[in-house]
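**Student:** Attaching a single structure in structure tokens format; questions to follow.
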């Protein structure tokens, strides 16, 4: 009798173990499926986020390209590309022998530019281009007045002219001229224009050009007795 009872209880115990074991496996299976669903959702969410970011970046680039294609672009060039030098002669009035540079500030963009301020320097430098200061120093116009500069394709003669006298002296002495020909000095023009475009963005145009008048050119070099854009990077950039 006792044996039958023990056998009955053992059967019940084994059955309960089977139920517990099956329920544990069911929980494991549910956990795996849940983890898979969560992982898939995370993957899809990340893909959607990446796609949204790419779309936003593309829209931003398209917007920038559109703004750049319709904005103003201010450039600066000399009034005369070949510098005219006069060696100082004491028999002639110094006023008639002063050296100055005139530059034309033009708008080669598609919409108007609002000029805020401008700086222009014309100097006789001793040495070479590589000896220029790393960063330019500008003398800004005092009491500058905002000027509306129309696009060149609409108003070809709508440029703005600025002048600067030669420094450190407005007169070129014979010694200065000899140094220019010997490559011991060079004429250098540089400046900067601040303006706003139609999108109310602050912009600047830095420019520089020089005249190399050496007679003793090295093989492969060409005479540059005209203004040539050049100089350190900090002197030439646009935003």
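A short reminder: the numbers here are calculations on the coordinates, not readings from a lab. Keep in mind it's a predicted model, so treat the numbers as computed, not measured. Neighbour counts run over all protein chains shown; Cβ positions are idealised from the backbone, glycine included.
**Student:** Sort the following peptides by mean Cβ neighbour count (other Cβ atoms within 10 Å, averaged over residues), highest first: 76-85, 183-192. Don't skip to the answer; put the middle values down first.
**Tutor:** Working: 76-85: 14.2, 183-192: 20.6.
Packing proxy ranking, top to bottom: 183-192, 76-85.
**Student:** What whole-number distance in Å separates the alpha-carbon centres of segment 137-186 and segment 120-134?
**Tutor:** Segment 137-186 and segment 120-134 have Cα centres spaced 14 Å from each other.
**Student:** Also, I was wondering about something else. Estimate the FRET efficiency between residue 233 and residue 45 by the formula 1/(1 + (r/R0)^6), using the beta-carbon distance for r and 41 Å for R0, to the nearest 0.05.
**Tutor:** Efficiency for this residue pair is about 0.40.
**Student:** How far is it, in nm, from the label point at residue 141 to the one at residue 81 when both lie 7 Å from their Cα along the line to the Cβ?
**Tutor:** 2.6
**Student:** Would you mind putting 99-112, 116-129, 150-163 in packing order, based on average other-beta-carbon counts within 10 Å, highest first?
**Tutor:** Going from most to least packed, we get 99-112, 116-129, 150-163.
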